[in-house]
Amino acid sequence: GAGVSQTPSNKVTEKGKYVELRCDPISGHTALYWYRQSLGQGPEFLIYFQGTGAADDSGLPNDRFFAVRPEGSVSTLKIQRTERGDSAVYLCASSSRQGSEQYFGPGTRLTVT
Amino acid sequence: DQQVKQNSPSLSVQEGRISILNCDYTNSMFDYFLWYKKYPAEGPTFLISISSIKDKNEDGRFTVFLNKSAKHLSLHIVPSQPGDSAVYFCAASALGTGNQFYFGTGTSLTVIP
């Protein structure tokens, strides 16, 4: 069965540009998480979806970051006016229910130049 | 404020011996703990979990121990194999109070053949 997929695998963008990162969770998984991982750090929580709604977005660093999951499956993380400090690996994970173990995608490496 | 800490950034072990990876946490509300394994250029892979009602959980060569009074958990791998060489993250959550999983900074394990 297919795992969590993320596209693109790598994204290089210029400071100030807008980017979208896509996540396809495991089919049937209702919970979806976005994390950000900087070099030498563990994954840092950004936002959690249960179905279509963002149940917890307390980890989003500021209002330049936004995520959607309109049909309760695919999710898109959107970053406006990118800054060099946004450079990191963005990980998506899904789980069959809230609080259970999460299955991660391979991540999107974002580099802001 | 790092609520989950892995104080050993790296560990080397001979093949066949025991690997012990340690993790400390500060939030007494955490009641569910997980270990993930990560290879380069891949997302973390779930390994084993434990809830706070237990002090030990075993799955094949992997055993997780939880000491709630010390706010400490450890992962034992025995016997260690070269394929176990990876970065190991511990994670914790408070299931009743939120959806966030807090990750440590990881320990890089090298199993020497």
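Structural remarks
- Using a Förster distance of 25 Å, the FRET efficiency for residue A:15-residue A:66 (Cβ separation, nearest 0.05): 0.85
- Label point distance in nm, residue B:56-residue A:55, each placed 7 Å from Cα along Cα→Cβ: 3.3 nm
- Electrostatic tally near residue B:83: other residues with Cβ closer than 13 Å to its Cβ, Lys and Arg +1, Asp and Glu -1, net 0.
- Taking Cβ atoms as reference points and 13 Å as the exclusive limit, the residues near residue B:59 contribute a net charge of +2, counting Lys and Arg as +1 and Asp and Glu as -1.
- Rounded Å value of the spacing that divides the Cα centres of region A:54-73 and region B:1-73: 28 Å
- Estimated FRET transfer efficiency (residue A:30, residue B:14; beta-carbon r; R0 45 Å; 0.05): 0.55
- DSSP finds beta bridges in region B:4-112, and of those with both partners inside it, around 90 percent are antiparallel.
- Loss of accessible area when A meets B, both sides summed, Å² nearest 100, probe 1.4 Å: 1500 Å²
- Gained length - residue B:39 relative to residue B:7, 0.36 nm times residue gap less alpha-carbon distance: 9.5 nm
- Equivalent ellipsoid, chain A (semi-axes from 5 times Cα gyration tensor eigenvalues, Å): 22, 14, 13
- With K and R counted +1 and D and E -1, the other residues having a Cβ less than 9 Å from that of residue A:5 yield a net charge of 0.
- Peptide B:85-95 shows a mean partner chain C-beta count of 2 within 10 Å per residue C-beta.
- For a modelled paramagnetic label at residue A:109, 7 Å from Cα along Cα-to-Cβ, the residues of region A:30-50 in reach, with backbone nitrogen under 16 Å, are A:37-41.
- Under 29 Å of direct C-alpha separation, and excluding same-chain neighbours fewer than eight residues apart, residue B:37 reaches these lysines: A:11, A:78, B:5, B:54, B:56, B:68, B:71.
- Shape analysis of region B:4-112 yields a ratio of the Cα radius of gyration to the Kirkwood radius, Rg/Rh, of 0.96.
- List A:29, B:72, ordered by accessible area with a 1.4 Å probe, largest first: B:72, A:29
- Relative contact order computed over chain B (Cα-Cα under 8 Å; 6+ residues apart), in percent: 37 percent
The values are calculated or read from the model by the stated rules, or taken from the named source; none is laboratory data. As the structure is a computational prediction, the values presented were derived from the model and not from experiment. For neighbour counting, all protein chains shown are included, and Cβ atoms are generated from backbone atoms with ideal geometry for every residue, glycine included. Keep in mind that these areas ignore ligands, DNA and RNA; they rest on the heavy atoms of the full protein, side chains included. Shrake-Rupley method; radii C 1.70, N 1.55, O 1.52, S 1.80 Å.
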